[in-house]
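What follows is a set of notes on a single structure, which appears directly below.
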Amino acid sequence: MATEARRKIVAGNWKMNKTVPEALALVKELRGVVQALGDKVELVIAPPFVALHPVAKAIEDSNLKLAAQNCHWEASGAFTGEVAAPMLKELGCAYVIVGHSERRQFFGETDETVNKRSQAVLKAGMVPIICVGETLAEREGNRTLEVVERQVKGALAGFSAADVSRFVLAYEPVWAIGTGRTATSAQAQEVHAAIRAQLARLYDGAAAGQVRIQYGGSVKPDNAAELLGQPDVDGALVGGASLKAGDYVAIAKAGA
């Protein structure tokens, strides 16, 4: 169900890495090499909160877009330590990663809070990158599609087809994140196709055909081309490899 309308999107999730000087050094290196890709593939980077403002300035007039790694669902208020979506929009963010498995595993993220965060992101004028994925125990128990479909349904509750058609989903099998283990291209395609079929049931075929579904989980230059070559894999959410300009660009080229 690949369509010409679905431009590949490669997003680098820097997680809790890079001081501001280190972030700016990486951006400077990236700017020097990604310009040649033009607009063949959408390029997104997600630095830590403290680096967002300087990085936003550093990527002006480039083909790099900015993402945050999380946000709160309220626009303001007494939520110590949290960051609101309108604040991120003001800084220049185009995307916000929502529901990453590390947030689910370590910080109590649920399908309901993913939904609330996604609503806040959309209301603030940005696009959520909504992460879903199963644990190793769930995969070994043959529950992958059941778990992923529950997460997708929960995350998208209350959204219209017009809303969802703009969203980015990211399938990240938890057992493949930071472990060096990667889903095979066939495993990735199976889940991506199931998500797209679910979107067609929840909304319609047109919306399902527009949603971009990234793969994440130990994406590297040597496996990116095969993964991104699958008909329902519309890009990558890259972790560790995005901290090295050469690796990130190699993955991006695989999607161009």
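The values are calculated or read from the model by the stated rules, or taken from the named source; none is laboratory data. What you are looking at is a predicted structure, and each value in this text was computed from that prediction instead of being measured. Cβ placement follows ideal geometry from the backbone for every residue including glycine, while neighbour counts extend to all protein chains displayed. Side chains included, ligands, DNA and RNA excluded: accessible areas come from the protein's heavy atoms. Shrake-Rupley method; radii C 1.70, N 1.55, O 1.52, S 1.80 Å.
Below is a table of values for the structure above.
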quantity	calculated
Expected 222 nm ellipticity per residue - DSSP helices of 4 or more, -39500 (n - 2.57), all of the chain, to 500	-13000 deg cm²/dmol
Helical segments meeting 24 Å axial Cα length and Kyte-Doolittle -1.0 threshold in the chain (DSSP H)	185-202
Accessible solvent surface per residue of the chain, calculated while the other protein chains remain in place, 1.4 angstrom probe, Å²	43 Å²
Highest-first arrangement of 63-72, 48-57, where packing means the average Cβ count within 10 Å	63-72, 48-57
Cβ-placed point charges (K, R +1; D, E -1), dipole of the chain about Cα centre in debye, nearest 20	300 debye
Separation in nanometres of the label points that stand 7 Å from Cα toward Cβ, at residue 166 and residue 40	2.8 nm
Contact order normalised by residue count of the chain, Cα under 8 Å, 6+ apart, percent	22 percent
Accessible-area ranking of 104, 166, largest first, probe 1.4 Å	166, 104
Accessible surface of the chain [probe 1.4 Å, protein heavy atoms]: carbon and sulfur percent	53 percent
Cross-link pairs beyond the 32 Å C-alpha cut-off, checked among 28/116; 18/153; 15/253; 116/253; 28/153; 153/244	28/116; 18/153; 116/253; 28/153; 153/244
Identified option (computed semi-axes √(5λ) of the Cα gyration tensor in Å; candidates (1) 25, 22, 18; (2) 38, 28, 18; (3) 40, 21, 16)	(1)
146, 134, ranked by accessible area, largest first (probe 1.4 Å)	146, 134
Rg over Rh [alpha-carbon atoms, Kirkwood Rh] for the stretch 85-208	0.97
Estimated FRET transfer efficiency when R0 is 30 angstrom, pair residue 105-residue 7 (beta carbons, to 0.05)	0.45
Whether the stretch 1-118 is rounded, prolate or oblate, judged on the alpha carbon gyration tensor where a/c under 1.5 counts as rounded	oblate
